[in-house]
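Below: the structure, in C-alpha cells.
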Amino acid sequence: MQSIVPERVVFVRRHIAAVTLGNALEFYDFLTFSFFAIQIGHAFFPSDSAYGSLMGSLATFGAGFAMRPLGAIVIGRYADRVGRKPAMLLSFVLIGASIFGMALIPSYAAIGLAAPVLAVMSRMLQGFSLGGEIGSNTSYLLEAAPPAERGAVVAWQGASQMIAILVGSLVGVLLSTLLPPDLLDTYGWRIAFALGGLAVPFGFWLRTSLPETLHTPEIGTPATPPGLPAMTLARRYWRIMALGVTVLGMGSIASYIQMYAVTYAQDTLHLSERVGFLAETANAAIGIPAMLLGGWLSDRVGRRPLNNGANLLLLISIYPLFACVVQTPSAAALITVMTVFGFMSNIAFTSVCTALGESLPKVIRCSCFGLVYSVAIAACGGSTQFVVTWLIHVTGSAMAPAYYLVAATTVAQIAMMLIPESAPCRTERLAMAAAAA
C-alpha cells in the first residue's frame, strides 16, 4: 500500500498543474476580447457613434459563444470515445490558431469589410475549441482526483479561468499605463493577444505528458449499462442536464457582468480604463481563493449546502453593492465592490461543476458536461454584455446590470435547490441513515 499512495499523489499534483495551466491559456485568449471590447470595436467596426462601434464588438464577442455547443459535441464525443488527452491537445491547437488570428488581422481601415468577417471567423474558432476544452478538462480533473477530494481538484478548472482573467486584466493595466489611449486603441490590444499566443507552445508541451483517465475505474459515479447508445444514455440524465444549464447559465450572467467592469467603468461610470482593469484584477484575484475554498468545503459539508447558502448570500447583496458604486462612482468604490462580488459569486462555482460531473456516467461525461456548460454560456454569458449595454442605453440607468443580475440569481437559487447531493461525504452518510431507518 505504501508504494501506491505516493504515486497517486504525484500523479494528481503534477498533471493537474499541466491541465490547469493549459486551461488558463485557453481562457486568457477567449476572455481578452472582453477586456478590449471598445478598442476592438474601433478597429473592426467603425461607426458614427461609440455605442454602435461597441455593440458591433460585443456582437462578435457573442459569436464565439454560439460555436461552443458545437465544439462540445464534436470534441466532447472524441474525448469520450478516444480519450481526454487527445481532445485537450486538439483544443489547444485550435485556440493557438485563433489567438494569432486576432492579433494579426488588419483593421477595417486597411482591408475594409474583410476585417470584421475575419474577426468573427477567428472568434468562432475560439468558441469551438473552448467548447470542447471545458468538458475534457473538467472530466480529466474529476477522474484524476480521489473521490473524497474531487471538489478540491475540480476547483482548479474554475481557478484556471480566474487566473486567465487575472493575467488578462494585469496585461490590460500594464498596457493602459504604458500606452496613451490612441496607441492602446491602435495596436495595444493586439499586444495582449500576441502575448497569449507566445505561451501556446508551452501549454501544448505540458499536455503531451498527461496520462489518460478514460479507462481508469471510478467510485461513486453512475454505472454505465453495457451496449447502451450514447444518445439513449444521455436522455436518461436530461433532468440533471437541464438543471445544470439553468444554474451555469444564470451564473455566467454574474461572471460576464463582472467581466464587463472595464467597459462599465469607461462607458457608464466615466472612469478611466485603468480603473476598470484594476477592478477586474481585484475581482479575479479574490476569485481564485474563493473557488479553491469552495471546492475544499464542498468535499466536507456537501455540494447542496454550499451551493444554496452561497447563492442566497449573493442574491441579497447585489442591489446594495451596485447602489454603492453608482452613487459614489470612484476607483475605491468600484474596486471594493468588484472584490466582494468576486468572492461571493465564485465560491459555489466549483461545487456546481463537481456535482454535475459526478452525476453523469463516464462514457458521456465530456460531451454532456461540455454541452451543458456551452449551451448555458452561449445562451446567457455570450449575450450578457450585449444585453447589459442595451439595457443601460434604453433605460438610462446605471443600475440596469443589478436588476438583470437579481433576476438571474433568483432563477439560479431555485435550480440549485433541485440538484441532488453527490458529494461522497454526504451520500455515504445519507445511505447509512436510510439503511438504519
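The values are calculated or read from the model by the stated rules, or taken from the named source; none is laboratory data. As the structure is a prediction and not an experimental result, all values here were calculated from the model. Using ideal geometry, Cβ is built from the backbone for each residue, glycine included, and neighbour counts are taken over all protein chains shown. Remember, those area values only see protein heavy atoms, side chains included, never the ligands or the DNA or RNA. Shrake-Rupley method; radii C 1.70, N 1.55, O 1.52, S 1.80 Å.
Evaluate the relative contact order of the chain (contact order divided by residue number), counting alpha-carbon pairs under 8 angstrom at least 6 apart; express in whole percent.
Once divided by the residue count of the chain, the mean separation gives 26 percent.
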Quiz item: Expressed as a whole number of Å, what is the distance separating the alpha-carbon centroids of segment 152-188 and segment 374-409?
Solution: 22
Quiz item: Highest GNM mean-square fluctuation, the chain, Cα pairs closer than 10 Å: which of Ala284, Ala254, Ala415?
Solution: Ala415
Quiz prompt | Exposure rank, largest accessible area first [Leu321, Leu312; 1.4 Å] | solution = Leu312, Leu321
Quiz item: When the Cα atoms of segment 245-284 are enclosed in a convex hull and the volume is divided per residue, what value in Å³ results?
Solution: 53
Quiz prompt | Evaluated at q = 0.13, 0.14 Å⁻¹: base-10 log I(q)/I(0), Debye formula over Cα of the chain | solution = -1.11, -1.29
Quiz item: Given the options Leu228, Leu166, Leu130, which has the most mean-square fluctuation in a GNM of the chain, springs set between C-alpha atoms less than 10 angstrom apart?
Solution: Leu228
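Express the carbon and sulfur contribution to the solvent-accessible surface of the chain as a percent, rounded to the nearest whole number, probe 1.4 angstrom.
72
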Quiz item: Which one of Arg84, Arg190, Arg236 has the biggest mean-square fluctuation once the chain is modelled by GNM with Cα springs under 10 Å?
Solution: Arg236
Practice problem: Order the following by accessible area, largest value first: Trp189, Trp205, Trp296. Probe radius 1.4 Å; ligands, DNA and RNA are ignored. | Solution: Trp205, Trp296, Trp189
Quiz item: In the chain, with Lys and Arg counted as +1 and Asp and Glu as -1 at Cβ, which of these residues, Ile38, Met250, Trp390, has the Cα nearest the positive end of the dipole, that is, farthest along it?
Solution: Met250
Quiz item: Percent relative contact order of segment 94-167, based on C-alpha pairs within less than 8 angstrom and at least six residues apart?
Solution: 25
Quiz item: Taking one equal scatterer on every alpha-carbon of segment 215-346, how large is log10 of I(q)/I(0) by Debye at q = 0.12, 0.15, 0.18, 0.22 1/Å?
Solution: -0.61, -0.82, -1.02, -1.30
Practice problem: Whole number in Å², please: accessible area per residue of the chain, 1.4 Å probe, ligands, DNA and RNA not counted. | Solution: 39
Practice problem: Could you tell me the distance between the Cα centroids of segment 224-302 and segment 63-77, to the nearest Å? | Solution: 17
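What number comes out for the charge environment of Gln126, summing +1 per Lys or Arg and -1 per Asp or Glu over other residues with Cβ under 13 Å away? Before the final figure, lay out each step's value.
Numbers: positive: Arg68, Arg123; negative: Glu26, Asp29, Glu133.
So the surrounding residues net to -1.
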Quiz item: Given just the C-alpha atoms of segment 331-418, how large is their convex hull per residue in cubic angstrom?
Solution: 112
Exercise. For helix 303-327, report the angle its Cα long axis makes with the longest principal axis of the Cα atoms of the chain; keep it between 0 and 90° and round to the nearest 10°.
Key: 10
Practice problem: Take the Cα atoms of segment 47-200, find their three principal axes, and give me the spread along each one in whole Å, biggest first. | Solution: 55, 32, 27
